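Input: a single structure, listed below in structure tokens.
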Amino acid sequence: MPIYTGDKKPGNKPAPKKPSSKKSNAIRNLFFWAFIAVIIIAVSSLWQSGNSTHRLEEVPISDVIRRANEGEIARIEIVGQEVRVTPEGEDEPTQVSRKEAGSSIFEQGLNPDMAEVSVSEPSAVGDIIWSLLSIGLPILVIAGLFFFMIKQMNAGNNQAMGFGKANAKVYNDSKKVKFDDIAGNENAKQDLLEVVDFLKSPKKYEALGAKIPTGLLLAGDPGTGKTLMARAVAGEAGVPFFSISGSEFAEMFVGVGASRVRDLFSKARKNAPSIIFIDEIDAVAHKRDARGGAGREDEQTLNQILVEMDGFDGKTGVIVIAATNRIDMLDKALLRPGRFDRHINVQLPERKDREEILAVHFKNKPHAKIDLKSLAAKTTGLSGADLANIANEAAILTARDGKKEISNSEVVEAFEKVAIGPERKNKVMNEKERELTAYHEAGHAVVGFVLPDSDPVHKVTVIPRGRTGGVTWFLPPEDRSYKSIYEFKDIMARAMGGRIAEGLIYGPDAITTGAGSDLKHVADLARAMVIEEGMSKKLRNRVFPEVDSGWLGGKKYDYSETTAREIDEEVEQLTTEAAKRAEAVLKANLPALKTLADALLKQETLEESEVAAVLKGAKLPDTAKLH
Ligand code: ADP
Ligand code: ZN
């Protein structure tokens, strides 16, 4: 059962979004071949079943008549000239024979009383369909294959033949985005205003011999408004906006990406002045050495982008804006002068910005007096997109309840839903599980409450939410940029608190799987401390840079095997220490743990002040102290 800490990742680093290009490309090609294989198998099995009589044993007609008259044959089906024979004891025809056209087998001496005989005309339509299918399908498959190969070759040869027309989205003017729609991010907006001016009055700059920038890179976490800003530039300047996403290129068959780029740029040039927006450019513009086997088509796409941009002569009037959340992973060729040489960082919003973003998104929704200030305070680490999502959820919840105005209670519920997942009041938990959950959450809360460098307990609940049985929330009283070792250690100890409480109350081996995500959290923090922050004892001040691990994904770091062993030891040491400190706190405060668990069972949810009231007088034992 997780504890909500109000930040997404240790050290407040942006959670890297892995570019999906290689993976999905490989998968796409795999799907294509699987599809071909399925068709071939389907055709051949159809062939066999359609010609099912071919698998039957051929026997002479005289033999059939003789055996029938001797009672050895159960059934005879005559279809046209074909005679299908089901011998006694069989369920289906196993033999086949032919009779002469125009003559009946009764005339040839078959005794009609000895076997069941059915006569039918061959179905002409069925035959025609069948022969069409058996000839047509293989041709279709072969033609399809041919088509596919040509498409690949053409795309590679810069000869698009109409494939690969960019399906770039052009936003029409009715949905014009303006800078007023973007809250916070003042620096980024300032830089972009300049671009708007270039687009509006290029002459002014040309007259002074200034070179108008062609490429602009927006770097920042997902959901921080990069797309929004690019659209606002187009909206403010009143120019058309063409957009495509790097991950869309990755969806394409080999080589099509390059021709899409060509098409996109030619459209933009025709409509100049205009904006081209390339989202998730990291998906095609990975560092070259980092590319796996599937790199070739990425490279074609990337090269095409570079060729197009190099072809701008300063009067083209097209400005290319690209967005990425992994600027460190970009191919350096992309960042050279004349290409994406202007970088604008877009950051996760600070408290003041969050309040403004919330205001923007509640502006057009009817609401009573709502407390956006305290919501902004609670939403550390959330992006603009998350905040927009909260506003939308609040509106949905209000409408669902048939109300006309959003009130604070819907806002709070929407926040909790977005941050952790919806309440599931109807989830059945038996009494025993409920009690265990209460002790588990109380364990987190007591440890967090007592340790000096943990954030305050904001809320504890045993109402199931998302995939969890209960939640303990810790929220920072203010935004912070840095974390100390003390804070890391207190967070790890309070995360351990759940499982340790279970063990203390029910016995060391009665612990449950409810602590799975807590332990993962502890492990992640411990590794981050040791590998990324240089905060362990033995490897103090050493960090191990992340290396791109190619298309199989997963984080990889650069260190030797000896170091790997030391890292493991340090992680182990930190984990053990966290468990020990949690245990020391809980053992010293067993009565408080029990009172809090009881209160949770009665009330289900306790707010900050209620927790503080119950835990007043809880003490920090010397064994749990760090300083
Ligand atoms: P990104 O491109 O950085 O992933 P988007 O521009 O797609 O993020 O943002 C998604 C949505 O989040 C926007 O459409 C907008 O509703 C909201 N949003 C993000 N940042 C802001 C902001 N600074 N001000 C107002 N809304 C924002
Ligand atoms: Zn837990």
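The values are calculated or read from the model by the stated rules, or taken from the named source; none is laboratory data. Fair warning: this is a prediction, and the values are worked out from it, not measured in the lab. Heads up, the Cβs are rebuilt from the backbone with ideal geometry, glycines too, and the neighbour counts pull from every protein chain shown.
What the table shows:
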{"item": "Residue that is within 11 Å of ligand 1 (Cβ to nearest atom) and more than 24 Å from the chain's Cα centre (by Cα), where the choices are L358, L375, L382", "result": "L358"}
{"item": "Any chance G136 is of a type in the set (G, A, S), in contact with a helix residue (DSSP H, G or I) (Cβ under 8 Å, 6 or more places away or on another chain) and either at pLDDT 90 or above or outside any strand (DSSP E or B) (or both)", "result": "no"}
{"item": "Extreme residue, surrounded by the fewest Cβ atoms within 10 Å (Cβ to Cβ), among residues of the range 272-299 that are part of a helix (DSSP H, G or I) and modelled with pLDDT under 80", "result": "D289"}
{"item": "Extreme residue, surrounded by the most Cβ atoms within 10 Å (Cβ to Cβ), among residues of the range 482-509 that are more than 10 Å from ligand 2 (Cβ to nearest atom) and farther than 16 Å from D453 by Cβ", "result": "I500"}
{"item": "Residue tally, condition outside any helix (DSSP H, G or I) and either within 12 Å of N408 (Cβ to Cβ) or at pLDDT 90 or above (or both), over the range 349-379", "result": "10"}
{"item": "Tally, over the range 389-413, of residues that are aliphatic (A, V, I, L, M), out of contact with any Phe, Trp or Tyr (no Cβ under 6 Å at 6 or more places or on another chain) and within 16 Å of N364 (Cβ to Cβ)", "result": "6"}
{"item": "Out of H458, H444, H440, sole residue that is buried (at least 17 other Cβ atoms within 10 Å of the Cβ) and either acidic (D, E) or within 14 Å of R581 (Cβ to Cβ) (or both)", "result": "H444"}
{"item": "Yes/no for R262 being touching a helix residue (DSSP H, G or I) at 6+ places or on another chain (Cβ under 7 Å), assigned to a helix (DSSP H, G or I), surrounded by fewer than 22 Cβ atoms within 10 Å (Cβ to Cβ) and modelled with pLDDT of 85 or more", "result": "yes"}
{"item": "Pairs where the first residue, in the range 208-234, is closer than 19 Å to L387 by Cα and the second is within 16 Å of ligand 2 (Cβ to nearest atom), C-beta under 9 Å, 6+ apart", "result": "none"}
{"item": "Set A230, A219, A166: member being at pLDDT below 85 and either in contact with a Pro (Cβ under 6 Å, 6 or more places away or on another chain) or within 17 Å of I321 (Cβ to Cβ) (or both)", "result": "A166"}
{"item": "In the range 413-437, residue nearest to R581 (Cα to Cα) [restricted to those that are without any contact (Cβ under 8 Å) to a residue 12 or more places away in the chain and either in a helix (DSSP H, G or I) or among the polar types (S, T, N, Q) (or both)]", "result": "K432"}
{"item": "Check on A399, buried (at least 21 other Cβ atoms within 10 Å of the Cβ), small (G, A, S), more than 13 Å from ligand 1 (Cβ to nearest atom) and more than 19 Å from E478 (Cβ to Cβ)", "result": "no"}
{"item": "Complete set of residues in the range 329-348 that are part of a loop (DSSP other than H, G, I, E, B) and not hydrophobic (A, V, I, L, M, F, W, C)", "result": "D331, R336, P337, G338, R339, D341, Q347"}
{"item": "Subset of the range 370-380 [crowded, with 18+ Cβ neighbours inside 10 Å, within 11 Å of R354 (Cβ to Cβ) and either of a type outside the set (D, E, K, R) or free of Cβ contacts under 8 Å to residues at least 40 places away in the same chain (or both)]", "result": "L372, L375, A376, A377, T379, T380"}
{"item": "Residues within the range 195-252 that are buried (at least 20 other Cβ atoms within 10 Å of the Cβ), within 16 Å of ligand 1 (Cβ to nearest atom) and part of a strand (DSSP E or B), tallied", "result": "9"}
{"item": "Residue match in the range 460-470 (condition: in a strand (DSSP E or B), within 14 Å of ligand 2 (Cβ to nearest atom) and either modelled with pLDDT under 90 or not β-branched (V, I, T) (or both))", "result": "yes"}
{"item": "Index of the failed condition, I105 passing every other in (1) at pLDDT below 70; (2) surrounded by 11 or more Cβ atoms within 10 Å (Cβ to Cβ); (3) outside any helix (DSSP H, G or I)", "result": "(1)"}
{"item": "Selection within the range 595-617 - touching a residue at least 24 places away in the same chain (Cβ under 8 Å) and of a type outside the set (A, V, I, L, M)", "result": "D598, E604, T605, E607, E608, G617"}
{"item": "Condition met for V428 (within 25 Å of D353 (Cα to Cα) and away from ligand 1 (no atom under 16 Å from the Cβ))", "result": "no"}
